[in-house]
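Q: Take a look at the following structure, please.
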Amino acid sequence: MKNIHEFPTVGESYDEASIWVARMDRGLTADDEEALKRWLSESDDNRAVLLRITNLWDRMDTLSRLSDIFPHAAAQQRKPVRLPLGLAASLVVAVIGLWGGIELYQAADSEQEVTMPATFLHETAIGEQAAVVLPDGTQITLNTNSLLRVSYTEESRLVTLERGEIHVLVSHDPARRFSVIVNDRVVQAVGTEFNIKITSDQSIELLVTDGIVIVGILENAASSDWPNTPVIVPPSAVSVSAGQSITLTSSEEELRTIEVEPEDIEVRLSWTEGSLIFRGESLEEAIAEIGRYTTVEFRFLDEESKKVRVVGLFQTGDVDGLLSALRENFNISYERTDDGTILLSARQ
């Protein structure tokens, strides 16, 4: 039997190299270094792409820490890289930015320069949040445990939410609609503000806080040529205005918008301020939401404690503060097991 190895495409190499740059910034474990060596040995292009990205985004010092893998990285001369002024001046990535970038390539048989589209991956771990500012000024905030792919060119503004939740403040540009793709659904806007969340059951919750967005099933969902292929919104798309929300599921049921009160909007967007607001939810519901922001596991020892109603504001990720409040204000006892699990029960 022959061993068949599938070589990565150029796009895949860029994505994987971007992830490795981010990992190196955080520091590699011994296992990570071995995995990196294996990845580099799979294709000559992988090493070239990794060097190109680290050079492009001024991360050559990262390679110099891995002298056994890149012995001459520190001494390598950077090749001049030309970026559009707006991109070079405006791009800001906080927490974890996985850089793909724009690079100009010289064609081998001509003097014509080929501009590659800017593709970026942005990912947050559990408990992390990130702020991204696109070259046009569009602001995207990623919530905990989110994964976002951004494809930005002179003709299109396209992001794909693969996991988690984002809040978007879209810079006004009638010539380039801003599109968010989630599974086979598309949300499209010109200049507006909205929030999108993928729930645990893979439903999509959209909340619009300013302007109008349109939502529909993506007609060319199978396209692999974004952002070069236009995003087509069907005539059946639904408009969602400021102060409205809509939940998108995999079923074919009719899409219906719901009016949302200002105080409810504040609650749903409290995560953007690093807080969680509860207004009478059961402790079971509250713990499910809090669990999105921490790797700590909670377990209830009785049914009574699950039903306790919780009111208050909690800081995301502040487990100790939560436990103190539950004990002092809600008559809930807790204990930690050897593996770090927190056991909750109603005080007798």
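The values are calculated or read from the model by the stated rules, or taken from the named source; none is laboratory data. Remember, predicted model here, so these are calculated numbers, not experimental data. So basically every Cβ, Gly included, is an ideal-geometry build from the backbone, and we count neighbours across all protein chains shown.
Q: Just need a number here: residues in the range 156-172 that are farther than 18 Å from LEU206 by Cα and touching a Lys or Arg at 6+ places or on another chain (Cβ under 7 Å).
A: If we filter the range 156-172 for residues that are farther than 18 Å from LEU206 by Cα, which is where we start, we get 156-157, 171-172.
Subset that is touching a Lys or Arg at 6+ places or on another chain (Cβ under 7 Å): 156-157.
Qualifying residue count, the range 156-172: 2.
Q: Among the helices (runs of 4 or more DSSP H) confined wholly to the range 261-348, which include 1 or more residues that are β-branched (Val, Ile, Thr)?
A: It comes to 262-268, 283-290, 319-329.
Q: Could you figure out which of (1) farther than 23 Å from GLU123 by Cα; (2) modelled with pLDDT of 85 or more isn't true of GLN202?
A: Every condition holds for GLN202 apart from (1).
Q: Could I ask something else about it? Go over the candidates GLY164, GLY211, GLY243 one by one and state the one that is modelled with pLDDT of 85 or more and in contact with a helix residue (DSSP H, G or I) (Cβ under 8 Å, 6 or more places away or on another chain).
A: Step by step, each of GLY164, GLY211, GLY243 is checked, and only GLY243 is modelled with pLDDT of 85 or more and in contact with a helix residue (DSSP H, G or I) (Cβ under 8 Å, 6 or more places away or on another chain).
Q: What number of residues within the range 282-298 satisfy the criterion of being more than 19 Å from THR124 (Cβ to Cβ), surrounded by fewer than 17 Cβ atoms within 10 Å (Cβ to Cβ) and of a type outside the set (Gly, Ala, Ser)?
A: The total comes to 3.
Q: To continue, here is another question. Name the residue that is surrounded by the fewest Cβ atoms within 10 Å (Cβ to Cβ), counting only residues in the range 124-176 that are small (Gly, Ala, Ser) and assigned to a strand (DSSP E or B).
A: Taking the range 124-176 first, the residues small (Gly, Ala, Ser) are 125, 127, 130-131, 137, 146, 151, 156, 164, 171, 175.
The next check asks that each one be assigned to a strand (DSSP E or B); those that pass are 130-131, 151.
Working: ALA130: 21, ALA131: 16, SER151: 19.
Result: ALA131.
Q: Also, I was wondering about something else. So which of GLY280, GLY321 is closer than 30 Å to ILE246 by Cβ, among the small types (Gly, Ala, Ser) and out of contact with any His (no Cβ under 6 Å at 6 or more places or on another chain)?
A: None of the other options fit; the residue is GLY280.
Q: Looking only at the range 137-151, decide whether some residue is on the phi > 0 side of the Ramachandran plot and at pLDDT below 90.
A: yes
Q: Restricting the search to the range 314-334, which residues are under 17 Å from THR294 (Cα atoms) and exposed (fewer than 13 other Cβ atoms within 10 Å of the Cβ)?
A: Of everything in the range 314-334, those that are under 17 Å from THR294 (Cα atoms) and exposed (fewer than 13 other Cβ atoms within 10 Å of the Cβ) turn out to be ASP320, GLY321, SER324.
Q: Of everything in the range 270-280, what is at pLDDT 90 or above and buried (at least 17 other Cβ atoms within 10 Å of the Cβ)? Give them in sequence order.
A: Listed by number, the residues that qualify are TRP271, LEU276.
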